[in-house]
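The values are calculated or read from the model by the stated rules, or taken from the named source; none is laboratory data. Values in this document were obtained by computation on a predicted structure and should not be read as measured data. All Cβ positions, glycine included, derive from the backbone under ideal geometry; neighbour counts span all protein chains shown. Quick note on the areas: whole protein, heavy atoms, side chains included, nothing else; ligands and nucleic acids left out. Shrake-Rupley method; radii C 1.70, N 1.55, O 1.52, S 1.80 Å.
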Amino acid sequence: MKISYFDAHCDTLWRCWDTGEHLRCNSGQLDLVRGKELGQYAQFFAMYHDAKQVPPDGMWAQLLRLHHIFLHETEKNGDLIRRCRTGEEVDAAIEAGKIAGLLSIEGADLLECDPHKVAEVADWGVRLMNPVWNRANVLSGTNIEEPERGLSQQGRDFIRAMEERNIFVDVSHLSDAGFWDLADLTRHPIVASHSNARSVWNHPRNLTDDMFRVIRDTGGVVGINAYTAFVGEKATIEELVAHIEHFLALDGEKTLCLGGDLDGCETLVEGIEGVQSVPRLYEALHKRGYAPQLLEDIFWNNLRRLL
């Protein structure tokens with residue numbers, strides 16, 4: 001089944017670094033050959049590294065390595081993918097029959113939490129960035145560590161530097177306190193690239209209804225996450241659909257997108273083995289009677305509009 005699929009988060013670049021496998025074809029959950037079979041496909045590739053496993057030459061050096069992998073792999077596979085920074089470039093890549101590849105950064109630790117490094121990654125084309133991953137840092141606490149701690153002054157300065165360079169703040173992993181500090185601070189769209197509904201499955205990585213409403217009202221997007229831990233007790237496609245339906249009930253038709261977290265987790269919901277299985281989620285929603293236009297918005301238009 002051919003679908004349009006624009007995904008806000010995967011960890012495939014990190015997996016390529018970790019395993020030595022390549023973007024074109026690999027044994028993970030996402031590669032270009034399988035992605036190309038979907039039809040119209042765009043993907044945010046996160047640059048990520050655990051801040052508790054700092055390489056000897058530091059996190060910035062690791063970020064440079066991950067960026068090199070992205071540049072090398074996209075250049076080597078130019079028959080399948082084109083690097084993109086803007087919505088117009090995504091459109092051009094799709095028109096040319098290519099996958100659109102975009103960059104994000106999962107955890108400002110990779111920039112050593114330095115606002116002065118934001119300009120350089122913006123020049124690379126980075127459009128989304130998480131101030132934190134699971135590890136608390138000088139910018140803020142996280143969903144997991146120091147969840148009661150919000151944005152520091154350095155965190156606020158970092159976010160202002162991001163927004164000045166047209167990089168959206170990604171609140172997946174940010175502490176609840178940090179989220180509400182950001183909500184008071186920003187006048188820009190907020191993104192949760194890979195987070196589900198806490199009302200459906202009570203996990204701190206998921207969003208409360210009030211958080212979703214704030215993101216909706218800023219014009220931001222929320223990417224539905226297929227990682228079993230964030231979905232439900234049985235982690236079926238039906239339970240994943242329940243998260244989508246809950247957000248739709250909060251007037252989320254123009255807010256919902258997909259952020260599968262592929263290659264960032266060991267187990268995906270039952271029935272989705274990798275990027276090749278994403279059409280099963282589309283089919284599950286279609287069988288429930290959702291209109292093609294709404295599905296096109298969730299699977300493509302809402303995230304595309306942001307850019």
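Computed values, structure above
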| item | result |
| --- | --- |
| W124 accessible area, assembled protein chains, probe 1.4 Å, Å² | 40 Å² |
| Accessible surface of region 47-103, 1.4 Å probe, proportion on carbon and sulfur as whole % | 53 percent |
| Largest-first ordering by accessible area, 1.4 Å probe, given options H68, H22 | H68, H22 |
| Region 18-79 - accessible surface per residue (Å², probe 1.4 Å) | 43 Å² |
| Of K2/K76; K76/K98; K52/K234, pairs whose Cα-Cα distance is over 21 Å | K2/K76; K52/K234 |
| Long-range HN-HN contacts of F45 with modeled amide H, under 5 Å | L102, L103, S104 |
| Probe 1.4 Å - accessible area at D210, Å² to nearest ten | 90 Å² |
| For I99, residues with placed amide H under 5 Å, excluding near neighbours | I81, R82 |
| Centre separation in Å (Cα based) which lies between region 266-307 and region 104-125 | 30 Å |
| Two-decimal ratio, region 54-102, of alpha-carbon radius of gyration to 2.2 N^0.38 Å | 1.41 |
| Separation of alpha-carbon centers, region 141-170 and region 1-61, rounded to whole Å | 24 Å |
| Long-range amide H partners of L207 with built H, under 5 Å | N196, A197, R198 |
| Bins of 10 Å from zero: percent of alpha-carbon pairs in region 131-253 | 15, 45, 31, 8, 0 |
| Estimated vicinal HN-Hα couplings, Hz - region 114-120 in sequence order (Karplus 6.51, -1.76, 1.60; Gly, Pro = x) | 9, x, 6, 8, 4, 4, 5 |
| Qualifying trypsin sites (Lys or Arg not before Pro) for region 196-292 [loop in DSSP, other Cβ within 10 Å: at most 12] | K234, R288 |
| Share of carbon and sulfur in the accessible heavy-atom surface of region 232-307 [1.4 Å probe, %] | 47 percent |
| Structure-based [θ]222 nm, the chain - -39500 (n - 2.57) summed over DSSP H runs of at least 4, per residue, nearest 500 | -10500 deg cm²/dmol |
| Exposure rank, largest accessible area first [H194, H116; 1.4 Å] | H116, H194 |
| Phi to ³J(HN,Hα) by Karplus 6.51 cos²θ - 1.76 cosθ + 1.60 over region 206-214, Hz, x for Gly, Pro | 8, 8, 6, 4, 5, 4, 4, 4, 4 |
| Global size of the chain as Cα Rg and Dmax, reported in angstrom | 17.7, 54 |
| Sequence-separation-based contact order of the chain, relative, with Cα cut under 8 Å and 6+ spacing, percent | 18 percent |
| Expected-Rg normalisation [2.2 N^0.38 Å, Cα atoms] applied to region 220-307 | 1.01 |
| Equivalent ellipsoid semi-axes - Cα gyration tensor, region 17-137, angstrom | 26, 17, 12 |
| Packing rank of 49-56, 261-268, where each peptide gets the mean count of other beta carbons within 10 Å, highest leading | 261-268, 49-56 |
| Accessible surface ranking that places the most exposed of R127, R187 first, with a 1.4 angstrom probe | R187, R127 |
| Ordering of 153-161, 134-142 by burial proxy (mean other Cβ atoms within 10 Å per residue, highest first) | 134-142, 153-161 |
| ³J(HN,Hα) computed for each position of region 47-52 - Karplus, 6.51 cos²θ - 1.76 cosθ + 1.60, integer Hz, glycine/proline x | 9, 9, 7, 5, 5, 8 |
| GluC sites (Glu not before Pro) within region 24-104: DSSP coil, no more than 13 neighbouring Cβ in 10 Å | E37 |
| Heavy atoms of S27 accessible to a 1.4 Å probe, total area in Å² rounded to 10 | 90 Å² |
| Region 21-83 pair-distance distribution - Cα-Cα, 5 Å bins, rounded % | 3, 15, 24, 23, 15, 11, 6, 2, 0 |
